[in-house]
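Note sheet for the following structure.
Every read-out reported here was derived from the displayed coordinates using simple, explicitly stated rules and does not represent laboratory data. Quantities reported herein were computed from a predicted structural model and do not represent experimental measurements. Quick reminder, even Gly has a Cβ in these numbers, built from the backbone with ideal geometry, and neighbours come from all protein chains shown.
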Amino acid sequence: MALRFEDDFLKKLEYLHVISRRAFAGQNRADRLARKRGRGLEFADHRQYAPGDDFRQIDWKAYKRLGRLLLRLFDEEQDLPIYLFIDASRSMALPEKFDQARRVAAALCYIGLAHLDRVTILPFADELGDEKVPGRGKGRIFRVFEMLEALEPGGPTSLRGTFTEFGSRGRQQGLAVVISDFLDPEGFERGLKLLASMGHDIFVCHIASKMDRHPGALGDVRFVDSETGELRDVDVTPALANAYTRAWEEHAEELQAFCGRFNLGFVRADAEAPFEDIILKTFRKGRFLA
Amino acid sequence: MSFGAMAAWQAFLLMAVAVAAAVYLFRLRVRPPKIAVPSLLLWRKVLDQKRDLSWWERVRRAVSLVATALVALALALAVTRPGPRVTAASRGRLLIVLDSSWSMRAKTTGSETRWRRAVAEAKALAQSAAGDEVAVATTADGLVEGPTSDTALIETALDRLRPAGGEGTAWPRVGNADQVHFFTDGAIARPNEPGVVVHSVYEPVPNVGITAFGVRPPTSATDKAHVYLEVVNYASEAQDVRVSLTRGQASLLDQTIKVGAGETIRQSAPIEPQAGGGALRAKVSARGNALDVDDESVAWMASAEPLNVTVVSDQPGAVALLLQRDPGVKMTMVAPSAYRPGNERVVVFDRWVPAEPPATPALVIAPPASSWIGRPGDEERTPRWSERGDHPVLAGVDPLTLDIKRARGYADGGLLTIAASEKGTPVVAVHDSPTRRSVVLTFAVADSNFAFAPAFPVLIGNAVEWLARPALAESRRPGPMSLPLSTTKVIAPDGDEVPLIRTEDRAVARLDTPGLYHVQAAGSDAVVPVNVGGPELSNLTRTTLSDALAKAGGGERAAGRPWWMYGIFVAFVLAAAEWWTWQRRITV
């Protein structure tokens with residue numbers, strides 16, 4: 001699939017900001033308010049001069065008035081580390097699901113790049129794949145497209161394994177966006193808890209398709225698990241099909257409830273829904289973009 | 001219930017095997033189609049949950065199995081061609097008589113024939129009488145099998161039988177028969193035999209048939225022959241009937257005529273007596289036409305081939321003159337000294353005979369003594385012809401106007417006297433054997449007023465006709481035909497030789513199928529057309545059975561179709577319901 005956005009859509013994306021509910025220390029100057037005081041443009045506070053401080057920051061007017069050496073402090077505006085986790089397991093192999101996931105990731109990348117944030121694309125399945133850092137600036141979006149287009153789904157899903165490996169690499173805290181169908185045989189809870197324990201602000205994007213919600217067939221069928229290859233002969237009756245649909249709804253509700261309980265952002269993106277609506281409406285409604 | 005296609009045990013075996021096969025196939029697990037799903041995570045969760053099945057869900061598979069078995073059973077039942085059971089009222093020796101008249105070949109609405117239905121019911125009856133002695137007879141052939149308690153023999157005999165006419169034959173009988181069952185459509189009226197149980201296979205069906213077809217020879221040399229055709233539409237509605245008439249390979253008529261319900265069309269057309277062959281064939285075809293044997297009819301025009309007659313005489317007289325004027329005869333005059341056997345069909349020896357008997361039939365007039373004619377007897381003066389037999393040569397001959405001056409008989413020549421004087425002197429004698437045919441007039445034409453008597457042309461014409469043609473070319477119905485003793489061979493329309501049964505004074509051949517038969521007899525031959533059609537046969541909407549019997553026979557069919565159709569219908573409905581509710585998972 002060729003990932004390309006229309007110019008009009010890109011313009012709309014430029015007006016959007018990724019909302020982080022917490023301020024994180026960045027590495028470079030950008031337009032996002034950082035937690036520490038620094039060399040920004042907006043005055044923040046004064047503090048007593050200490051030997052070794054930069055003379056240029058002394059507020060001489062205050063010294064004349066108060067007779068004390070005070071240093072002017074400014075809010076530091078830095079970049080935000082954004083970690084985009086894209087589920088590239090076999091369960092995402094349905095074209096509509098994986099394409100939607102890549103489009104969402106590309107759009108979020110572009111928003112981050114447009115605001116000079118540090119975006120890292122992290123494909124994963126049962127473990128973390130090769131991370132991809134496109135650089136800074138919105139001009140890098142085409143590299144992002146190439147990176148995402150090169151992704152191929154494969155392997156089973158393991159959120160816990162993925163985030164354990166992610167934590168072991170010693171990352172700067174930031175915004176972690178997890179784009180997945182969350183069909184993890186071990187459950188999604190432990191993985192997301194692990195990620196949350198690393199101090200990241202987490203945003204969950206649940207990709208769901210019609211094939212996930214409905215069995216897709218009635219009668220005697222042999223289901224093949226696309227991740228593990230496991231076979232299961234099932235006589236799908238209408239009652240069983242309804243039970244399956246209910247089970248999926250419970251699974252989706254559990255994910256949403258978990259996110260609410262642990263203060264994780266949550267958005268559900270249907271694979272069949274128009275992509276622009278997801279970005280411009282659903283994500284804004286989920287208070288992830290503003 | 002009885003089974004028309006097979007014996008009862010075979011039918012039940014077939015049904016059992018069909019049901020067993022259906023159950024086996026139902027229980028056979030076929031590999032289901034593979035469907036790739038993103039994950040079995042949720043399916044495992046659903047399937048691991050213990051779910052209470054409803055009563056219907058628990059029995060649904062069993063219901064499906066029963067439906068499958070019923071589908072197989074219904075299909076197998078349809079194959080067996082079931083029908084209402086015909087049972088013998090009581091035990092004892094049973095005679096089954098099938099009406100083998102041609103109308104039994106009529107197709108019924110169930111795409112079978114009256115005959116097949118009669119055979120099926122007869123088989124069922126024979127099976128119901130298993131253990132007792134059963135005999136099978138037809139109205140045409142009489143007793144054909146039994147009495148025997150071997151049901152297989154009876155069934156084989158029934159399968160072998162075909163309708164073959166037999167309208168005028170005697171009622172078949174078997175000794176000590178306790179029950180007699182007669183399967184008939186009632187097309188041909190038969191006297192009521194006491195104690196006979198009549199089973200009707202009558203069902204009114206539309207038919208178009210040729211009810212009359214013949215050819216009239218020319219009456220004079222300048223006259224033309226006339227062909228006559230009669231076609232009747234025995235249907236409740238008008239229909240287009242295609243009528244074709246051929247003479248040899250030439251088409252005389254081919255047109256489609258609208259014939260109203262019950263209407264008769266009659267066509268008569270002059271034809272050249274000697275242009276083309278003697279075989280005439282008429283055919284009809286129409287949409288509502290249940291019987292095939294009356295759709296074609298044949299006729300033979302003997303005058304199409306003039307008879308070559310050679311008159312051997314020193315003094316040709318009235319006989320030669322008479323034959324010369326006969327349009328059906330091509331006469332050649334030969335003096336006795338110049339006579340050599342040729343291709344003539346009849347030779348006339350007038351007061352002279354060769355030393356050896358001729359190979360061709362001969363009319364011998366006042367012959368001299370010879371080894372093959374016999375030793376001359378005493379001459380009788382003015383014999384009075386008093387005895388007139390019923391020989392074809394004498395048909396229409398009036399002896400009272402004859403005045404014969406002298407006649408003499410011949411001994412030791414193997415002659416059979418067919419007309420004699422009061423004193424017993426033969427006047428007309430014949431020799432009829434497979435080696436020789438001859439007619440001998442024991443008086444000379446010149447020794448009588450014969451040439452001027454009305455009997456003269458009749459007797460000479462009869463003699464030539466009898467000598468040249470051992471059988472009349474008149475259309476006749478299928479059945480036994482009496483032929484002269486001299487008959488050597490009868491060839492059927494299909495080319496097979498018909499067996500001859502010889503009695504003391506005649507030969508009998510069974511001309512069973514319609515068509516042209518060739519009869520050969522001691523140097524002579526004739527063609528006999530045999531046709532089936534007639535008003536009593538072609539009218540398949542009437543029966544001589546009582547109303548109650550006729551309705552009983554047609555009632556089953558009037559009420560619906562043969563039972564096998566219901567079997568197919570039930571199977572289809574069950575299969576459709578099963579597919580719709582089970583395969584589409586609507587009921588579970």
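Our summary gives the stretch B:201-354 a relative contact order of 22 percent, counting only alpha carbon pairs under 8 angstrom and 6 or more residues apart. Each residue, A:Q57 and B:K34, gets one label point 7 Å from its Cα in the Cβ direction; the gap between the two is 6.6 nm. Computed from the Cα positions only, the extents of the stretch B:307-468 along the three principal axes stand at 39, 33, 28 Å, in decreasing order.
Loop-only check: which chymotrypsin sites (Phe, Trp or Tyr not before Pro) in the stretch A:245-290 are DSSP coil with at most 16 other Cβ within 10 angstrom?
Working: sites: A:W248, A:F258, A:F262, A:F266, A:F275, A:F283, A:F288; in loops: A:F262, A:F288.
When the chymotrypsin sites (Phe, Trp or Tyr not before Pro) of the stretch A:245-290 are filtered for loop state and at most 16 Cβ neighbours within 10 Å, A:F262 remain.
Given points 7 Å out from each Cα along the Cα-Cβ axis, report the B:R340 to B:D403 separation in nanometres with one decimal. Rounded to a tenth, the inter-label distance reads 4.4 nm. Pairing the Cα long axis of helix B:563-578 with the longest principal axis of chain B, what angle in degrees results, from 0 to 90 and rounded to the nearest 10? Its long axis makes an angle of about 30 degrees.
For B:K330, the aspartates and glutamates whose Cα falls under 14 Å of its own Cα, not counting residues fewer than eight places away in the same chain, are B:E305, B:E344, B:E465. Shielding by partners for peptide A:237-244, expressed as the average number of C-beta atoms from other protein chains within 10 Å of each residue's C-beta, is 5.
Relative contact order, percent, of chain B when contacts are C-alpha pairs under 8 Å separated by at least 6 residues? Write out the running numbers ahead of the final one.
Values: 1328 pairs, mean separation 81.5, N = 588.
Across chain B, relative contact order equals 14 percent.
Restricting attention to the protein assembly as shown, close to 65% of DSSP beta bridges with both partner residues there are antiparallel. In the protein assembly as shown, inverting the average of 1/r over every pair of distinct C-alpha atoms gives 38.9 Å as the Kirkwood radius.
With an 8 Å Cα cut-off and a minimum separation of 6 or more residues, compute the relative contact order for the stretch B:307-468 in percent.
Details: 361 pairs, mean separation 36.3, N = 162.
Once divided by the residue count of the stretch B:307-468, the mean separation gives 22 percent.
Count the DSSP beta bridges whose two residues both fall in the stretch A:93-212, then state the antiparallel fraction as a percent rounded to the nearest 5.
25 percent
Roughly what % antiparallel, to the nearest 5, for the DSSP beta bridges in the stretch B:307-468?
If I count the DSSP bridges inside the stretch B:307-468, around 55 percent turn out antiparallel.
The aspartates and glutamates within cross-link reach of A:K281, meaning a Cα-to-Cα straight distance under 17 Å and a gap of 8 or more places when in the same chain, are A:D8, A:E14, A:D270, A:E272.
To the nearest ten degrees, helix A:95-114 and the longest principal axis of the Cα atoms of chain A are 10 degrees apart. Cross-link reach is defined here as a Cα-Cα straight distance under 20 Å, omitting same-chain residues fewer than 8 places apart; for A:K210 the lysines meeting it are A:K97, B:K34, B:K45. The angle between the Cα long axis of helix B:114-128 and the longest principal axis of the Cα atoms of chain B comes to about 60 degrees, rounded to the nearest 10.
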